[in-house]
1. Calculate the dipole size of the chain relative to its Cα centre from +1 charges on Lys and Arg beta carbons and -1 charges on Asp and Glu beta carbons; express the result in debye to the nearest 20.
2. If one computes the Cα centroid of the stretch 425-456 and of the stretch 126-190, what distance in Å separates the two points?
3. Under a point-charge model restricted to the Cβ atoms of Lys and Arg (+1) and Asp and Glu (-1), what is the dipole moment magnitude of the stretch 548-624 relative to its Cα centre, in debye to the nearest 20?
4. Filter 285/306; 194/293; 494/529; 55/110 down to the pairs with a C-alpha to C-alpha distance above 18 Å, please.
5. Could you order the peptides 239-250, 610-621 from most to least packed, using the average number of other C-beta atoms within 10 Å per residue?
6. Between residue 539 and residue 412, what FRET efficiency follows from the Cβ-Cβ distance if R0 is 22 Å, with the result rounded to 0.05?
7. What does the highest-first list of 394-403, 568-577, 350-359 look like by mean Cβ count within 10 Å?
8. Find the accessible area per residue for the chain; the probe is 1.4 Å, ligands and nucleic acids are left out, and the unit is Å².
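The values are calculated or read from the model by the stated rules, or taken from the named source; none is laboratory data. Keep in mind that this is a model prediction, so the values were computed, not measured. Glycine gets a Cβ as well: all are built from the backbone with ideal geometry, and neighbour counts include every protein chain shown. Side chains are part of the model used for accessible areas, which takes the heavy atoms of the whole protein and leaves out ligands, DNA and RNA. Shrake-Rupley method; radii C 1.70, N 1.55, O 1.52, S 1.80 Å.
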Amino acid sequence: MKSVAGAILFAMCIFLFAEETLIDWSKREIASIRVVDFRQPMPTTPLRSRADGVKFRKASGDVSALELEITPGNDLRTPGIWIRPTPQERYWNLSEYQELHVELENLNLKQQAAMRVRITNPGYCGGTYQVGIDAGICLNPGEKSVLKLYYPHADEFAPCKMFAVGATPPGIASIRTIDARKVDGIIFSVDNPKYYTVDGSLKLRIGNVRLMTPRKPLPPELSDPTRFYPFIDRYGQYKYQDWPEKIHSAASFAANQAKENRLMKPKSISWNQYGGWANGPTLRKTGFFRAEKYQGKWFLVDPDGKLFFSFGINSITMGEYDNTGSGHPDLWFETKRGKRGSWNFTVDNLTARYGKDYAKRYPAIVERRMFSWGVNTIGNWSSPEITRECKVPYVINITGIRGKFPRTVPLAYRDPQSHLATNFSGIWDVFDPGFEKQLRQHAKSKALAHAKDDAFCIGVMIDNEINWGHNTYQGDRTAIARSVMLSDATLAAKKEFVRLLREKYLFIEDLNKSWGTYYRSWDAVLNAKYIPKSDRIQNDLLRFNRHFINHYYKTCRAVAKEFSPHMLYMGSRINLLHQDVLEIASKYCDVMTINCYTYCLEGLRRPGLSTDIPVIITEFQVGVIDRGMFCAQPRQCGVTQDDRARAYRRIMEGVLRHPQIVGTHWFAYRDQPATGRRKGPWQENYAVGIIDKSDTPYWEMTEAMRLVGEKGVPYRVQMPAEYDILQFQAPGK
């Protein structure tokens, strides 16, 4: 009997600790390593690149490691190195395992460093590379750690197929699963050091690259579609995986709620009523939020004059927007399908957990959670009922233009840098009188009425992630002007363009002389629907492009201040590197809002962005897929929830040291539906939440948020030499 138990224990140890070295740097020829750079579309295709700015060599004194250095001043977008199997191998076969681990050390003792690793299959994207699977990590100065990549397996000929969803369960082929028998490349890359590190450089030691964790067998049901479907249970969960606190019956809701009640904490004693630093300095009291510099760093200041850093979560809702994607719910779900082939499991689960009157009770639940988790801001896209009923600071969004409205015409052309076709869908005509009128109507909506004079409202944003023309990494600086030139003469923006030209040139002959054109009159310019093929028009196109952007932000600021002169105007949540947009928005915004997904924000900067304006990161996130979800994008950060909590802390440690950043808003409160949220033909089903679809918190994340929320402001003020916030002793502790 003892021998049997010993054999089982031995087998378990082999399973748990089995590993296999994949890349032995001491045997790898340096000449076989290629420098690559990711270009548009950035997540897809690494292109071979010149080597200047990227240096790599065997580590001095340790040939089993590789030293990678990115030097300042280079203009590579997402530089990296590409390792391929030996010619004799052709492919790596990683199919016996499910994790790739890489030992890393940040050799810089003065700043954080981040790195991503990606494994790729051949074949897709016109013979280049499919998206593949990647993960990343951030290291504090001098830190050693392990970057972990979990890669779900799938054979492209697997019998179960799934379409109209962003990512699939392991065993079903998609761009988020890998045929691990045919891995033809491993890529180590870094998000542009020019925009994410303090001095534009990076120096890392890459050690043992090994395979870990023997592959777990796939559910036998995957071999037969008639058995596999439906694969989503009545609670919206993946049927063929188990995890802690998974809902199995109505009793599971009660058990999870009892655990939450035990773990719930009171509001931190270091916070005042707004979540500002109660024990810190008192600045001027205004009764509303504002931004101010203190000891060389920007802060928000709460209505009582206390230093405030906005620790926020986006999309805190009661499930009203959580309809699943409309793929094949009659086949996918155990439950009957709802309207238009979708289903809202969140509403079902909230009802099961809190009762039919959950909508009345939920704001109080959210308020209690925010205090317990160390979160002091309700972020964008949250339910009006939540922002209105909770005594937690919040931001609001005035809806921009909706429905039918005059637009400039779309553009379709080739990006000269990536040689790929791209599109600019056009943009609303901001010179049309209806633009400002519609903004004012939205600002006067009943949903926003409570916020106008509410001291808990931090500020207002208008619109989100506008496409100003960003076919290239730096943004297309004349896309709007070109699309205006192709538009009808009735468009107000085109009339404004011609007005500016007449103001500058006075006579049509002077325009023709400057442009090398043959227009007979100004009316001919207005009615023309072509773009002269001459570089001589570029300055005027750029001038109008900037004029258009300027009018947008000037108008939005005026509407925001008319709505409430007390509130901070916080822009449009910019998600691109467009220097004109960033420069012009910086003139009008009280606080800039930027959506940014990366592993390290300590050195965040943007072309055109003022270096002396407060910034809130209004979207960021890192993810793992260990609990019934299929996609950890846009930033996978390891294997377990502990890995995710660590990644969150590292991001926040860098953020709190950045002199301009005054807040971060996590996207999002709740995981997206396992089969995707309804968002066009491509259904996002990302594991982004602080809670899952059954309304159960990820406790590792909430503990990390509590830690950062309690220590964050004093950490930012004191700027300790030790980066790790776990080691920081806040005053009064």
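1. Details: 100 positive and 78 negative charges, 247 e Å.
That gives the chain a dipole magnitude of about 1180 debye.
2. For the stretch 425-456 versus the stretch 126-190, the Cα centre distance is 42 Å.
3. Numbers: 7 positive and 7 negative charges, 30 e Å.
Using only the charged Cβ atoms, the result is roughly 140 debye.
4. Values: 285/306 8 Å; 194/293 25 Å; 494/529 11 Å; 55/110 20 Å.
Listed pairs above 18 Å: 194/293; 55/110.
5. Numbers: 239-250: 14.6, 610-621: 22.3.
Taking the mean over residues of other Cβ atoms within 10 Å, the ranking is 610-621, 239-250.
6. On the way: r = 24 Å, r/R0 = 1.11.
That gives a FRET efficiency of 0.35.
7. Numbers: 394-403: 19.1, 568-577: 22.9, 350-359: 15.8.
Per-residue mean Cβ counts within 10 Å order the peptides as 568-577, 394-403, 350-359.
8. Details: 29880 Å² over 733 residues.
Dividing the accessible area of the chain by its residue count gives 41 Å².
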